[in-house]
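Chemist: Before I ask anything, let me first share the structure, which is written out below as structure tokens.
The values are calculated or read from the model by the stated rules, or taken from the named source; none is laboratory data. These numbers were taken from a predicted model, which means no experiment stands behind them. Here the Cβ positions follow ideal geometry from the backbone for every residue, glycine too, while neighbour counts run over all protein chains shown. These area figures cover heavy atoms from the full protein model, side chains too; ligands, DNA and RNA do not enter into them. Shrake-Rupley method; radii C 1.70, N 1.55, O 1.52, S 1.80 Å.
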Amino acid sequence: MSRNDPIRLVVIGAGLVGQRHARHAFSHQDFDLAWIVDPNEARQEMAQQLECRWAASLEDVPAGDCDAAIIATPNADHLPSGLTCLARNWATLVEKPVAETIASGEKLVSAFEVAGLPLLVGHHRRYHPSFDKANEMISSAVLGPLISASLIWAVRKPDSYFKAGAWRRDSDGGPLLINFIHEADLMLGLFGPVDEVQAMVSSHARGSTVEDSAAILVRFASGVIATVMLTDAALSPWSFEGASGENPTIAETGISSWRIGCTAGSFEFPGLRVWTDAQGDEGDWSRPLKDETIEAAKVDPLHEQLTHFAQLIRGQVDKPKISGRDGLEALRLVEAVRTAARTGQPFFVDQTLSTSNAV
């Protein structure tokens, strides 16, 4: 492959997000969608529509047919498929979480690091311009030092979502590993490293073996405290996807799901509605507030992620926006939440994660 040749891509796994990746790759100027891999024979029709080949197994795809891969399979498959891609010298974008467990993630990330091959983790929300603007407001302290954050992710997933994959009702298919991990990555990107986690989970709504709801309290090394309410069983307008309109499966509401508080003002995220003292002074609770909304370009983050992936493969950028190590940090935060919920005790980051969750 020369620097200007299209990058021949295989998409492994054609579920909800895999189909989106495939369609974006088909229309992206930097990629040539070569293969779709999925055991469901019905995906042959999609492959025909997207003018590529279909295989039921990755073993059926010749190594020389592709330059890069996107792994969008169930979490437990990320390590074996990732290692197969590595053996074939394919640059790889692996959907979040980077792997099912921390131990598996370490194996995958370390293997790619040793080989010197690009590995990008699919935490696509960092590609929204609103993330960059929020990060700039926090780092510049234009609203004063950061104090707190309150996050809600509350949607009602339809019954068909769970019927489409039995794994979604098992240990790695709950909203902590599927949905909260996005919020975890954003929090780490905006607020920095974590000191302590407390949590409670419930499976009351569906009675599955995996949680459907969680309440989480996080203290960051900076002293910032964040609360998170998470559920995939409640109908509400509060979710990052609803606010941003990034996911065609989830109805857009335009209502921000984050509230971020600083000493001289606060703002909503991802909508960037900013509240400050009406007279432009320091302000306090006795004084009126004014609000204004900072404009941020609306993009399709999966398209932007693909563009970055192409730049990474071609050596046009030095490092991935979301590296394997970044993906591992988000996974560690999820596992810290699981441990805190299971034990009923605070989890401190200098503790060792228990074997039952970490391997």
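Chemist: Starting from the Cα gyration tensor of the range 234-359, take the square roots of the eigenvalues, sort them a ≥ b ≥ c, and report rounded, prolate or oblate (rounded when a/c is under 1.5, otherwise prolate if a/b is larger than b/c, else oblate). List each step's numbers first, then the result.
Modeler: Details: a/c = 1.85, a/b = 1.24, b/c = 1.49.
Because a/c hits 1.5 or more and a/b fails to exceed b/c, the range 234-359 counts as oblate.
Chemist: Select from 139, 160, 81 the residue whose mean-square fluctuation is largest in a Gaussian network model of the chain (Cα-Cα springs shorter than 10 Å).
Modeler: 160
Chemist: Next question, about the same structure. Express the relative contact order of the chain as a whole percentage, based on alpha carbon pairs under 8 Å and six or more residues apart in sequence.
Modeler: Working: 715 pairs, mean separation 63.6, N = 359.
Once divided by the residue count of the chain, the mean separation gives 18 percent.
Chemist: What GluC sites (Glu not before Pro) in the range 38-119 are in a loop by DSSP, with at most 16 other Cβ atoms within 10 Å of the Cβ?
Modeler: Working: sites: 41, 45, 51, 59, 95, 100, 106, 113; in loops: 41, 51, 100.
Listed in order of number, the matching sites are 41, 51.
Chemist: Alpha carbons only, please: Rg and Dmax for the chain, in angstrom.
Modeler: For the chain, the Cα-based Rg and Dmax read 20.8, 69 Å.
Chemist: Hey, another quick one. So in the chain, what percent of DSSP beta bridges are antiparallel if you round to the nearest 5? Walk me through the intermediate numbers first.
Modeler: On the way: 35 of 63 bridges.
Taking every DSSP beta bridge with both residues in the chain, the antiparallel ones total about 55 percent.
Chemist: For the chain, modelled as a GNM with alpha-carbon contacts under 10 angstrom, which of 287, 332, 20 fluctuates the most?
Modeler: 287
Chemist: Okay, moving on. Can you give the calculated 222 nm mean residue ellipticity of the chain, where each DSSP H run of n ≥ 4 adds -39,500 (n - 2.57) and the sum is split over every residue, rounded to the nearest 500 deg cm²/dmol?
Modeler: Values: 11 runs with 113 residues, N = 359.
Calculated mean residue ellipticity at 222 nm is -9500 deg cm²/dmol.
Chemist: With every protein chain in place, what's the accessible area of residue 147 (1.4 Å probe, Å², nearest 10)?
Modeler: 90
Chemist: Right, something else. Using a ≥ b ≥ c from the Cα gyration tensor of the range 44-146 (square roots of the eigenvalues), is it rounded, prolate or oblate, where a/c under 1.5 gives rounded and otherwise the larger of a/b and b/c decides, a/b for prolate? Each step should come with its number before you reach the end.
Modeler: Details: a/c = 2.66, a/b = 1.78, b/c = 1.49.
In terms of gyration-tensor shape, prolate.
Chemist: Quick one: if you stick a label point 7 Å off each Cα along the C-beta vector at residue 117 and residue 263, how many nm between them?
Modeler: 5.0
Chemist: If each residue of separation counts as 0.36 nm, what is the full-extension length gain between residue 44 and residue 89 once their alpha-carbon separation is subtracted?
Modeler: Numbers: separation 45, 0.36 × 45 = 16.20 nm, distance 2.58 nm.
Once the chain is fully extended between residue 44 and residue 89, it gains 13.6 nm.
Chemist: Just grab the label-to-label distance for residue 293 and residue 139, each label 7 Å out from Cα along the Cβ direction, in nm (one decimal).
Modeler: The modelled label-to-label distance comes out at 2.6 nm.
Chemist: How far is helix 16-27 tilted off the main Cα axis of the chain, in degrees rounded to 10, range 0 to 90?
Modeler: Between the helix axis and the principal axis of the chain, the angle is about 70 degrees.
Chemist: Return, ordered by residue number, the residues of the range 185-202 whose backbone nitrogen is under 13 Å from a label point located 7 Å along Cα→Cβ of residue 348.
Modeler: Residues 195-197 qualify, since their backbone N sits under 13 Å from the label point.
Chemist: Quick one: angle between helix 102-115 and the longest Cα principal axis of the chain, in degrees between 0 and 90, rounded to 10, please.
Modeler: Roughly 60 degrees between the two axes.
Chemist: Could you work out how far apart the two model spin labels at residue 164 and residue 319 are, taking each label as a point 7 Å from the Cα in the direction of the beta carbon, and quote it in nm?
Modeler: 3.6
Chemist: Still on this structure, I have one more. Work out the length of the dipole vector of the chain about its Cα centre, built from +1 on the beta-carbon of each Lys and Arg and -1 on the beta-carbon of each Asp and Glu, and round it to the nearest 20 debye. The partial results should precede the final answer.
Modeler: Working: 31 positive and 46 negative charges, 66 e Å.
Magnitude of the dipole: close to 320 debye.
Chemist: Quick one: among 79, 151, 289, which has the greatest mean-square fluctuation in a GNM of the chain with alpha-carbon springs under 10 angstrom?
Modeler: 289
Chemist: On to the next question. On a 0 to 90° scale, report how tilted helix 129-140 is relative to the longest principal axis of the chain, with both axes built from alpha carbons and the result rounded to the nearest 10.
Modeler: Roughly 40 degrees, rounded to the nearest 10.
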